[in-house]
């Protein structure tokens, strides 16, 4: 019968099976020197500490920072004779480990002494320093470490999964300097057995300058809530001899979102200009790969030097045209084609994979876009083996191409309008539907308040109770939801407003960026001004509170003709006198839910 780890949370003890204890001891004997990264718990979604007052998921620790591990970083006694206790972590939602470098090599004895000084000590390298003096002392070591990273052989991770048979993580190194785009990321798994993963320092150093300030992060892949692991060493090491351990594969900065295909000798055998649309033959396995990528929600496009109409005819003839979004078929540089695809789909080019049989084309794209994964055609049938394509097949993923096809159609229609945005918008048949807040929409309004940053004028973060209270507000206030659609598709619920018609006071307004600059805001406030004017309000007024990312909200209101009544641009009242007209409001048709007596505006007041 397989031995399992015995846990005792109350006494912070772990009784390791003999095989695990032997594996730990064997690893420790192979280490000549090691670093001592100072690890702490962090949140993968937020930017501390500004998020503490804004996020409803904030859970304070005794020191005021956000609690992302159930019991913090626990030091546990393994019951063995070694001097390096283990670390146990039970993750909460969005929890991750984060440390900082550069670090210097230490002997095992020196590191053990540091851990004793920096109680509570944590396994072979995991240290959460509770005392200011310990932090300062470690910081002093970091300052002397620049330029010595060459002394290390590998970054080593050892541990075991406690809550599952296997738990997958990403290991990320990123410069502290946010203007530096460098990134190293690998994926590894901890199994129920004692697991040891070694990443050669040379692999990390190819993209990260380990002599400069950097962050190192360990984060569960997918939902972190409820995952529990046991960790030993998570640190740089120097071996006493050559060591071969399982290596975590290097992986791109992000999961692949778009695959851009060449055509001749890549998707099909043959040359289109010579063989014609019906003469080229799709390579064996390529059709199945395109369908498999589509099922995973990975978008696809084409960058080919060919005659446009013939290439489109060939793709259609072979039943592949519908899979390809915003295909770029011309005689221009393929790097420019990828840029245009990225702009059309509104996706970061670092999530692109480009496949071409020609070394020249691969080199040209790689030089222009270093963050793009560039592969030869011989790798086309191996895509699903690469970690960046390790995404699940879900109903949502199967429908992703259709959603982006709509967005691509919008972008192409806008481009055809030759720069006249209002002309393009008039042809979009934009419809704004306004309805009173309903219980069915309460959860979406809560979510929108949590996620909307740029167009959130008061930087509001509602709780679910806050939204529920608006449903029964008896103080004359009205809560409205905004939905939008156009001839291309439905944007869904994109905005929320809360105000008092009699006074003209708009208590709150936030809106999704998806409809920004589409005159939706002008149409809404033209409708709202007409409604408030009939109630006798002298003007429209809304409170503004500056936040880290809501500058576009202030710009939106100033563009609508509101003025800020404060010399301090961090907060104040935005006002506009009634009656008011809003330029461009007639571009969007305003309607109301069938059971709501909301008048739509038929004309624009200029």
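The values are calculated or read from the model by the stated rules, or taken from the named source; none is laboratory data. Since the structure is predicted, the reported quantities are computational estimates derived from the model, not experimental observations. Here the Cβ is made from the backbone with ideal geometry for all residues, glycine too, and neighbour counts use every protein chain on show.
Which number in (1) in contact with a helix residue (DSSP H, G or I) (Cβ under 6 Å, 6 or more places away or on another chain); (2) assigned to a loop (DSSP other than H, G, I, E, B); (3) at negative phi marks the one condition that residue 303 misses?
The single condition residue 303 does not satisfy is (2).
Among 66, 51, which is surrounded by 16 or more Cβ atoms within 10 Å (Cβ to Cβ) and at pLDDT below 65?
51
Within the range 228-248, can one find any residue that is under 22 Å from the mean Cα position of the chain (by Cα), assigned to a loop (DSSP other than H, G, I, E, B) and either surrounded by fewer than 16 Cβ atoms within 10 Å (Cβ to Cβ) or at pLDDT 80 or above (or both)?
Checked the range 228-248: no residue is under 22 Å from the mean Cα position of the chain (by Cα), assigned to a loop (DSSP other than H, G, I, E, B) and either surrounded by fewer than 16 Cβ atoms within 10 Å (Cβ to Cβ) or at pLDDT 80 or above (or both).
Would you check which residues across the range 572-591 are closer than 22 Å to residue 520 by Cβ and either assigned to a strand (DSSP E or B) or free of Cβ contacts under 8 Å to residues at least 12 places away in the same chain (or both) and list them?
574, 575, 576, 589, 590, 591
State all residues of the range 548-571 that are within 10 Å of residue 456 (Cα to Cα) and in a loop (DSSP other than H, G, I, E, B); if no residue qualifies, say none.
Across the range 548-571, the qualifying residues are 549, 550.
Looking at the range 566-577, is at least one residue within 25 Å of residue 425 (Cβ to Cβ) and modelled with pLDDT of 80 or more?
yes
Does residue 504 satisfy the condition of being in contact (Cβ under 8 Å) with a residue 24 or more places away in the chain, over 30 Å from residue 346 (Cβ atoms) and buried (at least 22 other Cβ atoms within 10 Å of the Cβ)?
Yes: the conditions hold for residue 504.
Looking at the structure I just gave you, is residue 456 surrounded by 15 or more Cβ atoms within 10 Å (Cβ to Cβ) and either over 30 Å from residue 357 (Cα atoms) or at pLDDT below 85 (or both)?
yes
Can you name the residue in the range 306-329 that is touching a strand residue (DSSP E or B) at 6+ places or on another chain (Cβ under 7 Å) and not in a helix (DSSP H, G or I) and is also farthest from residue 400 (Cα to Cα) among such residues?
Result: 306.
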